[in-house]
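This report concerns only the one structure given below.
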Amino acid sequence: MEPRSHDFKRRAACAVVDEQLKEALAKAQDGFVGKRAQVVEILPEFEQLREQGKIIGDHVLANLDYYLERYEAAVDKHGGQVHWAETPEDAQNIVRNICKRVDAKRVIKGKSMISEEVALNEALESYGLDVVESDLGEYILQLAKEPPSHIITPAIHKTKAQIAELFYNAHQKLGYDKKLDSVPDLVNEAREVLRSRYLEADVGITGANFLIAETGSNIIVTNEGNGDLSCTLPRVHIVTASIDKVVPTLDDASALLRLLARSATGQEFTSYTTLSTGPRRTADLDGPEEYHVVLVDNGRSKMLADGFREMLRCIRCGACMNHCPVYGAIGGHSYGWVYPGPMGSVLTPYFLGLKEAGDLANACTLNGRCASICPMKIPLPDLLREHRRRQFEAKLAPKIASFALASWGFLAKRPKLYQPLTALGMRMMGMVGRRKGRFRSLPMVGGWTDTRDLPAPQGKTFHMAWRKRRMLTAKTKMGDQSDQGKGSELRVFAFLTIILAPILSVVLVGGYGLFVWMFQLIAGPPIQ
Ligand code: SF4
């Protein structure tokens with residue numbers, strides 16, 4: 001998929017006024033968030049499980065080379081073959097060569113984010129192979145020629161009417177000439193159309209939720225059973241997976257599966273959890289004749305040692321996007337590549353570079369909700385801040401932002417200057433905005449005030465409020481009625497306004513600019 005992350009701002013601005021998208025996202029997000037909360041509520045050890053998940057992930061990443069070799073040996077022992085792909089092109093070539101060798105014409109695919117990452121469908125189609133997605137959401141998007149907008153429910157943005165229209169147009173040539181209007185009818189029609197595609201396919205390609213080093217198995221979880229059919233009916237099964245999917249044992253995978261289903265869809269367990277280990281054995285009733293695993297690196301080895309290691313714990317549950325207010329406002333397509341939401345805002349700039357995708361990290365409001373629910377305890381806001389830091393250091397941030405940030409840094413390192421200046425800015429803003437308690441419009445923050453009011457500051461900075469609080473606590477303890485701190489604040493204010501009157505206007509503009517910049521730093525860009 002051709003990256004479009006450089007166009008993030010424009011895409012987000014269009015998405016934010018798309019009423020249909022807003023409705024679809026609100027419905028889906030509310031459903032996922034509510035269901036997750038319910039299943040977490042009834043599992044008292046959920047927090048312990050999260051800690052266990054983190055420990056398993058960290059242990060694997062610290063010993064990744066060992067577990068990958070162990071996994072390869074186990075796959076080999078069971079008659080399968082592991083292929084190593086350093087780049088997307090390597091992965092495409094490996095799959096293509098397998099298909100060519102077995103004279104494949106048709107491929108059926110289960111959902112696999114890594115195959116989206118390496119653009120496998122496009123590559124296979126360019127070699128003349130007929131590729132059909134078997135996951136219902138992915139199938140809908142294949143008909144619509146669109147990329148996924150969510151990693152768990154790829155067609156989350158599509159309405160029933162849009163899907164009915166797609167099916168009507170695509171299935172007429174197959175003898176389905178009725179326009180459907182109920183979900184069960186649409187599902188049944190897709191099932192009938194896809195059933196024959198499984199039987200015709202020479203090669204089945206699936207992803208893997210986990211790769212088990214001790215047994216050489218791969219695990220896929222689905223709610224449709226399409227993964228099972230894709231890996232058992234065709235002659236050849238190819239698993240595409242990134243190197244971070246390996247876990248030491250089946251017990252470890254069980255712990256992670258408990259986290260995955262609850263975090264992803266709010267289920268205690270997904271409907272189908274399928275383990276595949278090698279090709280069909282003599283006594284097996286079904287299964288492929290050949291079993292291949294394509295292990296993709298694509299920058300992950302570098303990530304291990306580059307400050308973003310924690311992101312490799314991700315189990316692709318999608319919970320961070322379900323809980324993200326920015327994703328909820330703009331949907332997945334705005335992010336312009338394979339991975340949307342908070343996890344995508346970390347991964348995409350890493351894989352594609354800050355020049356292409358730097359804006360994604362800046363869209364975050366840093367509210368921390370994603371990190372608080374991530375089953376693998378990934379500190380997503382910290383990683384996003386790290387992207388911002390690198391962007392600033394590489395001078396890739398917009399000039400005005402870099403200048404403002406540098407100015408802020410200069411002041412913040414000089415508290416004697418910073419505190420009175422911000423106090424002055426806050427007081428003036430507080431005074432001007434006191435009557436309504438909000439601003440309808442303000443210079444330099446039109447992006448916000450075009451679509452919402454800006455709350456007026458109370459007139460105090462954090463430092464002032466903190467000082468006052470400490471004084472009150474001390475007073476309560478000592479019975480001291482004096483209020484020196486307040487007096488000193490007033491003296492600073494009087495000094496600045498009376499003695500420095502000639503430069504007051506300059507200071508006001510500076511204070512206001514500082515406030516605006518700090519507000520944007522804290523609140524992120526104007527997305528509703
Ligand atoms: S970052 Fe965490 S919440 Fe987001 S998809 Fe990965 S595991 Fe799930």
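The values are calculated or read from the model by the stated rules, or taken from the named source; none is laboratory data. Everything numeric in this text was worked out from a predicted model, so none of it was measured. FYI the Cβ positions are ideal-geometry reconstructions off the backbone, even for glycines, and counts take in every protein chain you see.
Asp65 meets all of the listed conditions (1) in a helix (DSSP H, G or I); (2) assigned by TED's automatic domain parsing to the domain that holds Cys324; (3) surrounded by fewer than 16 Cβ atoms within 10 Å (Cβ to Cβ) but one, namely (2).
A quick yes/no check of all residues on (1) more than 28 Å from Glu19 (Cα to Cα); (2) at pLDDT 95 or above:
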{"position": "Leu312", "(1), (2)": "yes, yes"}
{"position": "Ala319", "(1), (2)": "no, yes"}
{"position": "His333", "(1), (2)": "no, yes"}
{"position": "Gly341", "(1), (2)": "no, yes"}
{"position": "Ser345", "(1), (2)": "no, yes"}
{"position": "Tyr350", "(1), (2)": "yes, yes"}
{"position": "Gly353", "(1), (2)": "yes, yes"}
{"position": "Gly358", "(1), (2)": "no, no"}
{"position": "Asn362", "(1), (2)": "no, no"}
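Within region 366-405, the residues that satisfy the criterion of being charged (D, E, K, R) and either within 10 Å of the ligand (Cβ to nearest atom) or touching a helix residue (DSSP H, G or I) at 6+ places or on another chain (Cβ under 9 Å) (or both) are Arg369, Lys377, Asp382, Arg385, Glu386, Arg388, Arg390, Lys395. I'd like to check something: does region 280-296 contain any residue that is buried (at least 19 other Cβ atoms within 10 Å of the Cβ), within 15 Å of the ligand (Cβ to nearest atom) and among the hydrophobic types (A, V, I, L, M, F, W, C)? Scanning region 280-296, I find no residue that is buried (at least 19 other Cβ atoms within 10 Å of the Cβ), within 15 Å of the ligand (Cβ to nearest atom) and among the hydrophobic types (A, V, I, L, M, F, W, C), so the answer is no. Selection of region 278-330 for residues being touching a strand residue (DSSP E or B) at 6+ places or on another chain (Cβ under 6 Å) and among the β-branched types (Val, Ile, Thr) yields Val293, Val294, Val296. Kindly establish whether Tyr327 is within 16 Å of the ligand (Cβ to nearest atom), outside the structural domain of Tyr71 (by TED's automatic domain parsing) and part of a helix (DSSP H, G or I). Here the answer is yes, as Tyr327 does meet what is asked.
Is it the case that some residue within region 94-106 is surrounded by 24 or more Cβ atoms within 10 Å (Cβ to Cβ), at pLDDT 95 or above and touching a strand residue (DSSP E or B) at 6+ places or on another chain (Cβ under 8 Å)? Yes, region 94-106 contains at least one residue that is surrounded by 24 or more Cβ atoms within 10 Å (Cβ to Cβ), at pLDDT 95 or above and touching a strand residue (DSSP E or B) at 6+ places or on another chain (Cβ under 8 Å).
Screening Leu352 with (1) more than 15 Å from the ligand (Cβ to nearest atom); (2) more than 20 Å from Ala15 (Cβ to Cβ) gives one miss only, at (2).
Restricting to helices (runs of 4 or more DSSP H) lying wholly in region 111-203: which have 2 or more residues that are loosely packed, with under 14 Cβ neighbours inside 10 Å?
Values: elements: 113-117, 120-126, 136-144, 160-171, 183-200.
Correct list: 120-126, 160-171, 183-200.
Exactly one residue among Gly225, Gly207 is out of contact with any Leu (no Cβ under 8 Å at 6 or more places or on another chain) and more than 24 Å from Met1 (Cα to Cα), and that residue is Gly225.
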